[in-house]
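Have a look at the structure below before the remarks.
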């Protein structure tokens with residue numbers, strides 16, 4: 001009877017090769033990341049050289065695209081173990097809680113700009129594989145307290161809508177071998193009170209491992225129409 005139990009136990013813990021998730025082939029976009037403006041060039045170089053990089057400026061300047069492209073390169077070369085994406089659950093005129101669905105379903109639309117870049121650079125199947133294995137992971141900013149990150153590429157999007165307290169909490173999650181990208185537009189603040197983005201730049205930009213890159217309307221590469229629209233709203 002003991003021998004039968006031992007055989008049954010062995011069968012329960014044997015996993016065949018067919019049961020293991022199969023890693024899809026990486027469909028790499030071989031076109032190198034090429035800056036389209038001088039400030040994009042400075043931004044790309046900063047991401048590759050500094051531990052914390054602030055990308056500040058209007059929409060359409062390539063802040064998300066450049067950061068996510070470099071994150072994909074680092075994942076493929078195994079320079080990092082995972083990518084962490086976060087952003088505040090704040091949108092103009094709508095509360096995060098009113099969006100139907102589970103937390104993951106609610107948070108997914110906030111991550112679409114990043115996932116589009118990963119799918120372009122690594123392929124859709126491989127990107128989905130990395131998400132299932134939590135190599136690419138979305139973490140709501142409100143859930144970050146108590147966590148720490150290492151060997152990671154961390155991106156905080158729409159940082160103008162983070163409070164100073166939230167920004168301090170986020171920055172103190174940084175562990176060893178991390179690259180942290182914080183982007184936002186100080187002209188699109190949707191929260192009451194002081195923005196944590198502005199506050200953090202004033203507080204920590206003097207640190208040697210921190211770099212601030214500022215974009216303006218002339219750096220907008222999304223379309224000439226967007227450039228004219230943003231200029232009109234600025235004026």
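The values are calculated or read from the model by the stated rules, or taken from the named source; none is laboratory data. In this text, all values refer to a predicted model and were calculated from it rather than measured experimentally. Here Cβ is always computed from backbone atoms with ideal geometry, including for glycine, and neighbour counts include all displayed protein chains.
Every listed requirement among (1) within 28 Å of residue 188 (Cα to Cα); (2) free of Cβ contacts under 8 Å to residues at least 24 places away in the same chain is met by residue 173 save one, (2). Being in a helix (DSSP H, G or I) and at pLDDT 95 or above: is that true of residue 72 here? For residue 72, the condition - in a helix (DSSP H, G or I) and at pLDDT 95 or above - is not met. Of the residues in the range 154-163, not one is farther than 30 Å from residue 188 by Cα and in contact (Cβ under 8 Å) with a residue 60 or more places away in the chain. Working only within the range 133-153, note down all residues that are assigned to a helix (DSSP H, G or I) and in contact (Cβ under 8 Å) with a residue 40 or more places away in the chain. Selection gives 141, 142. Taking residue 41, is it in a helix (DSSP H, G or I), modelled with pLDDT of 90 or more and surrounded by fewer than 20 Cβ atoms within 10 Å (Cβ to Cβ)? Here the answer is yes, as residue 41 does meet what is asked. Do we have residue 81 as at pLDDT 70 or above, touching a strand residue (DSSP E or B) at 6+ places or on another chain (Cβ under 7 Å) and over 20 Å from residue 43 (Cα atoms) here? Answer is yes for this residue.
The set of residues in the range 113-132 being surrounded by 18 or more Cβ atoms within 10 Å (Cβ to Cβ), touching a residue at least 24 places away in the same chain (Cβ under 8 Å) and over 26 Å from residue 168 (Cα atoms) consists of 117, 118, 121, 122, 126, 129, 130. Per the conditions (1) modelled with pLDDT of 90 or more; (2) surrounded by 20 or more Cβ atoms within 10 Å (Cβ to Cβ); (3) in contact with a strand residue (DSSP E or B) (Cβ under 9 Å, 6 or more places away or on another chain); (4) part of a helix (DSSP H, G or I), the sole criterion not satisfied by residue 110 is (1).
The criterion of at least 3 residues that are buried (at least 19 other Cβ atoms within 10 Å of the Cβ) is met, among helices (runs of 4 or more DSSP H) falling completely within the range 157-235, by 164-171, 196-204.
Would you check if residue 63 is touching a helix residue (DSSP H, G or I) at 6+ places or on another chain (Cβ under 8 Å) and modelled with pLDDT under 90? Answer is no for this residue. Can you tell me which residue in the range 84-107 is modelled with the highest pLDDT, limited to those that are over 18 Å from residue 147 (Cα atoms) and assigned to a loop (DSSP other than H, G, I, E, B)? Among them, the one singled out is 89.
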